[in-house]
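Engineer: Before I ask anything, here is the structure I am working with.
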Amino acid sequence: MAKIRTNLSLESDLVAEAKALKVNMSFAAETGVADAVRKAREEAWRRDNADAIRSYNEWVEKNGIPLSEFRQF
């Protein structure tokens with residue numbers, strides 16, 4: 001995947017410590033942003049599907065788990 005340059009504003013103490021510890025800041029930033037994107041997608045999915053999940057859970061409470069008679073555990 002192609003990479004692009006971007007500017008980030010970081011606390012100066014954090015940058016100094018990262019440099020002293022030889023932390024790859026590009027990799028660390030990319031990993032952190034990827035994690036934040038994953039979490040935001042999960043939250044959006046939960047929000048977008050909350051009504052369907054609530055409805056399904058209500059149905060299961062009323063009717064039981066579908067095909068439960070065939071479960072072997």
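The values are calculated or read from the model by the stated rules, or taken from the named source; none is laboratory data. Treat the numbers as computed from the prediction; the structure is a model and nothing was measured. Cβ placement follows ideal geometry from the backbone for every residue including glycine, while neighbour counts extend to all protein chains displayed.
Engineer: Looking at (1) assigned to a helix (DSSP H, G or I); (2) at pLDDT 95 or above, can you tell me which one residue 69 breaks?
Structural biologist: (2)
Conditions (1) modelled with pLDDT under 95; (2) assigned to a helix (DSSP H, G or I); (3) surrounded by 10 or more Cβ atoms within 10 Å (Cβ to Cβ), marked per residue:
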{"position": "6", "(1), (2), (3)": "yes, no, no"}
{"position": "10", "(1), (2), (3)": "no, no, yes"}
{"position": "14", "(1), (2), (3)": "no, yes, yes"}
{"position": "18", "(1), (2), (3)": "no, yes, yes"}
{"position": "30", "(1), (2), (3)": "no, yes, yes"}
{"position": "35", "(1), (2), (3)": "no, yes, yes"}
{"position": "49", "(1), (2), (3)": "no, yes, yes"}
{"position": "52", "(1), (2), (3)": "no, yes, no"}
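Engineer: Something else: Note down all Cβ pairs under 7 Å where the first residue falls in region 1-30 and is in contact (Cβ under 8 Å) with a residue 24 or more places away in the chain, the second is surrounded by 10 or more Cβ atoms within 10 Å (Cβ to Cβ) and not in a loop (DSSP other than H, G, I, E, B), and they're at least six residues apart or on different chains.
Structural biologist: Pairs that qualify, where the first residue is in contact (Cβ under 8 Å) with a residue 24 or more places away in the chain and the partner is surrounded by 10 or more Cβ atoms within 10 Å (Cβ to Cβ) and not in a loop (DSSP other than H, G, I, E, B): there are none.
Okay, residues lined up against (1) over 23 Å from the mean Cα position of the chain (by Cα); (2) among the polar types (S, T, N, Q); (3) closer than 22 Å to residue 2 by Cβ:
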| residue | (1), (2), (3) |
| --- | --- |
| 19 | yes, no, no |
| 28 | no, no, yes |
| 64 | yes, no, no |
| 68 | yes, yes, no |
| 72 | yes, yes, no |
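Engineer: Would you check which residues across region 56-66 are part of a helix (DSSP H, G or I) and surrounded by 10 or more Cβ atoms within 10 Å (Cβ to Cβ) and list them? So that I can check it myself, show each step before the final result.
Structural biologist: Here is the first cut: in region 56-66, the ones part of a helix (DSSP H, G or I) are 56-63.
Once the filter is applied, which keeps residues that are part of a helix (DSSP H, G or I) and surrounded by 10 or more Cβ atoms within 10 Å (Cβ to Cβ), region 56-66 yields 56, 57, 58, 59, 60.
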